[in-house]
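First up is the structure itself, then whatever we jot down about it.
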């Protein structure tokens, strides 16, 4: 990660996007790490595209069933 930041800095860039910081309601160490750099935490929301509602329900049900046994 520091190599990417150093490369951006040497190229004259003044901003670096670390990417996501996890779900806002969950405690994530990555969010604390990123906060050390003084960046601004933004939340543009989360979208879920479901191209086939039938497949989504089948897969979600199967996933929930498997999780019960793991």
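Remarks
- Test: residue in the range 26-49 that is touching a helix residue (DSSP H, G or I) at 6+ places or on another chain (Cβ under 8 Å) and either more than 30 Å from residue 5 (Cα to Cα) or touching a residue at least 60 places away in the same chain (Cβ under 8 Å) (or both): no
- From the options 10, 60, residue that is out of contact with any helix residue (DSSP H, G or I) (no Cβ under 9 Å at 6 or more places or on another chain), at pLDDT 80 or above and surrounded by 10 or more Cβ atoms within 10 Å (Cβ to Cβ): 60
The values are calculated or read from the model by the stated rules, or taken from the named source; none is laboratory data. This structure is a prediction, so every number in the text was calculated from the model and none was measured. Neighbour counts run over all protein chains shown; Cβ positions are idealised from the backbone, glycine included.
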